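First the structure, in the form of structure tokens, and then the observations on it.
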Amino acid sequence: MSGIGRRLERLNKLVLKKDTKAVPQLVKALGDTAPAVRAAAAQYLGQLGDRRAVSHLLPLLQDAEPEVRYAAAHALGWLRDERAVPRLIKCLKDSDPQVRLIAVMALGWIGAPSAASGLARALSDPDPNVRQTAAGVLARFGERAPLSRKEWGLVVGSLMDALMSDSREARLLATGVLSRLGDPAIDLLMDNLYDRHGVNGSTGWMLSELGAAIMWTLLDALQHSEDEAQREALTAVLSRVGEPAVPALLRAVMEERTEVRHVAIRTLKLIGAGAVAPLAVAVRSGPSERRAVAAAMLGRIGEPARPALVEMARDVDPVVREVAVRTLGEIGGADSIEALAGALYDRDDRVRMEAARALGAAGAGAIPALLEALRFDDEGVRLAAAAGLAYLPPGDASALGEALEQESSGVQQALARALRELSMRGGIDAELAALQERLLM
């Protein structure tokens, strides 16, 4: 047996006794000329669990041989002594990926929040195993014991930096960690978004350029996540950010993936009234498709969005006017009828017909506005009014009959002509036939 083999055998026998009296001899072996002996001594010291070894193991993190640095980092992780944290963080820059990996794992075993900044930087490590392990370690902070607000601040502050990383994968890993940490981390993220990256503007809280960039990072993660729990957590963050998150969510609504669209729509509804102003801005600028989607989202929000939708019903873009009229009809209520009645006179056929459908669905309360439109000279307006009357619910037939009896023959004739024209065009079928039958009764 070689000299190295004999020395290794002696160390092994010392450890098998599980006697801490062996620590001094193992410490002496840390200075052995053979890397294998130094590595074995470091490993055995970690197994014995005697923290007196920490100060002797720390210098080995700078050993010339990777196997020794690896063994020392492993042992320090087993000993779970926070004195090792600063040196282990330095090991995250080691030239050997296995040393960097074990340093991440050791920091996780120690569980010190002070290691969070180094672990967050490891999310950008060239080695995928190091990146994924660092994300897992960060996500487990707080599981072993409750963290103080200051300790949570260290963890979340490190994630904020990772969310701004040049590496897209690092950003996505950071969002995954954030979602797994849950409410305590999300609460502090909200504070950080405004304290570090925001200003209080004249129209309320607004995110700065850096804060907005973080919103896009969260959205990017939302769009590409396959994890339902992570999507739910990101939804919670974006909904609590409120108004500044709306542009990112609007982009997500136009995403091809159904699950992403649904999450974004639900988040906008959670934001509610706070989403109305930025959505209204989106409707007034940008491509027609985006403007139409923004108007549709206002309809999902409902009553708080009605004033903005009334304004949009007068937009220069017919696509936006059409969507605004449709969504006003979906919201319903007497307050919408005036705006919808005005849309009957729109210069665009589709807008007029959308207003007619919405007014018809509004029921008896819309009959006066529809009959008034029958007096208008423009044939398109009269056709839209007739269509709206045809869309009245069957239960409102008597109200329509009573209203027609009080109208002049000119209005009745205009309605009859409009119905004939619609019939020749093949419009509204069953609804049209029902209205004609009412008129003949």
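Every number in this text was worked out from the coordinates using simple rules, so none of it is lab data. Predicted model only: the values in this text are computed from it and were never measured. Please note: Cβ atoms are built from the backbone with ideal geometry, for glycine as well, and neighbour counts cover all protein chains shown.
The lysines within cross-link reach of Lys21, meaning a Cα-to-Cα straight distance under 26 Å and a gap of 8 or more places when in the same chain, are Lys13. Karplus-based coupling profile of the stretch 178-186, in residue order and whole Hz: 4, 5, 6, 6, x, 4, x, 6, 5, with θ = phi - 60° in 6.51 cos²θ - 1.76 cosθ + 1.60 and x standing for Gly or Pro.
Is the stretch 63-164 best put as rounded, prolate or oblate by its Cα gyration tensor, with a ≥ b ≥ c the root eigenvalues, rounded for a/c under 1.5, and otherwise prolate when a/b is larger than b/c, oblate when not? Oblate, because a/c is 1.5 or more while a/b does not exceed b/c. Would you work out if the stretch 1-111 is rounded, prolate or oblate? Take a ≥ b ≥ c from the square roots of the eigenvalues of the alpha-carbon gyration tensor; rounded if a/c is under 1.5, else prolate when a/b is larger than b/c, oblate otherwise. Oblate, since a/c reaches 1.5 and b/c is not below a/b. Across the stretch 332-341, computed HN-Hα scalar couplings (Karplus, 6.51 cos²θ - 1.76 cosθ + 1.60, θ = phi - 60°) run x, x, 4, 5, 7, 4, 4, 5, 5, 4 Hz from first to last residue, x flagging Gly and Pro. The protection proxy used here, the mean number of other Cβ atoms lying within 10 Å of each residue, ranks peptides 279-292, 175-188 as follows, highest first: 175-188, 279-292. Our note on the geometry: Cα centres of the stretch 39-59 and the stretch 93-138, 21 Å apart.
Given +1 at the Cβ of Lys and Arg, -1 at the Cβ of Asp and Glu and no other charges, the dipole of the stretch 1-111 around its Cα centre is 340 debye to the nearest 20. Considering only alpha-carbon pairs that sit under 8 angstrom and 6 or more positions apart, the relative contact order computed for the stretch 1-111 is 21 percent.
In order along the stretch 223-229, the Karplus-derived 3J(HN,Hα) couplings, from 6.51 cos²θ - 1.76 cosθ + 1.60 at θ = phi - 60°, round to 5, 10, 6, 9, 9, 4, 4 Hz, and Gly and Pro are given as x.
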